1. Under a point spin-label approximation (7 Å from Cα along Cα-to-Cβ), what is the ILE7-GLU35 distance to one decimal in nm?
2. Within the chain, how many Lys pairs sit with Cα atoms under 23 Å apart, leaving out pairs fewer than 8 places apart on the same chain?
3. Give me the net charge for the shell around ILE166: Cβ to Cβ below 10 angstrom, other residues only, Lys and Arg +1, Asp and Glu -1.
4. Taking amide H positions as placed 1.01 Å from N in the peptide plane, with prolines and chain starts having none, which residues 5 or more places from VAL106, or on another chain, fall under 5 Å of its amide H?
5. If you place +1 on the Cβ of every Lys and Arg and -1 on the Cβ of every Asp and Glu, how big does the dipole about the Cα centre of the stretch 1-132 come out, in debye to the nearest 20?
6. May I ask which residue of SER20, THR115, LEU49 lies farthest towards the positive end of the charge dipole of the chain, with charges of +1 (Lys, Arg) and -1 (Asp, Glu) on Cβ and the Cα centre as origin?
7. Before I look further, what does the chain give for accessible area per residue, probe 1.4 Å, in whole square angstrom?
8. Please work out the Cα center distance from the stretch 36-98 to the stretch 103-148, rounded to the nearest Å.
Amino acid sequence: MALTATIHRIELEISDIDRSVYHSESLRVAQHPSEEPERLVARVLAYALFWHERLLFARDLADAEEPSLWRHDDQGVLATWIEVGSPTGKRLHRAAKVADEVVVVVYKGPDDGRTGLCRAVAGMKIHRADAIIVLALPAAVVAEVANKLVRSSSWTIIRAGDSLQIIVDDAVYAGTVRVSTLAETIAAG
């Protein structure tokens, strides 16, 4: 018998001071049986940090053709492609050719996932690597939130500059996000 996804219900409040985004919504996020809790947390954070009224979670985590999150413009053209984790260089190369904006959200390891991303794209020529945004979430904070993950909760996500505060029910987590381009990340890695 196949395992089914776990549905998480999240009452989400977003306050992104720099982008002047203030938004509330009720999310239903599916966690695939093979998906680790940290990745689910990173997907929700990516959704909040890049929120747009047309931003959607992928329909199927197992579909190699879809990113973790994406947004189409008014004409149906793919405008934003967001990967969570360390995608291959081939995948990022393709994404940079089909979407105006490409983002990679990393969240795991002692350097918040940047070394893993560098390994995943090593030796690859990636189209517009200098325009691909890499957002490194604080790995320790993502892990803490994942350890307290429940199926129904309220999240408030506040971002101002590189400061990130996450309030899940009554627990407060704070850390720093790091933003660079893929080219900068590779050069530093």
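The values are calculated or read from the model by the stated rules, or taken from the named source; none is laboratory data. Keep in mind it's a predicted model, so treat the numbers as computed, not measured. Virtual Cβ from ideal backbone geometry, glycine too; neighbours counted across all protein chains shown. These area figures cover heavy atoms from the full protein model, side chains too; ligands, DNA and RNA do not enter into them. Shrake-Rupley method; radii C 1.70, N 1.55, O 1.52, S 1.80 Å.
1. 1.4
2. Working: LYS90/LYS108; LYS90/LYS125; LYS97/LYS125; LYS108/LYS148.
Pairs that pass both the separation and distance tests number 4.
3. On the way: positive: ARG159; negative: GLU144.
Value of the local net charge: 0.
4. GLY85, LEU135, ALA136, LEU137
5. Values: 17 positive and 21 negative charges, 112 e Å.
Dipole size: approximately 540 debye.
6. Among SER20, THR115, LEU49, the one farthest towards the positive end of the dipole of the chain is THR115.
7. 51
8. Answer, in whole Å: 14.
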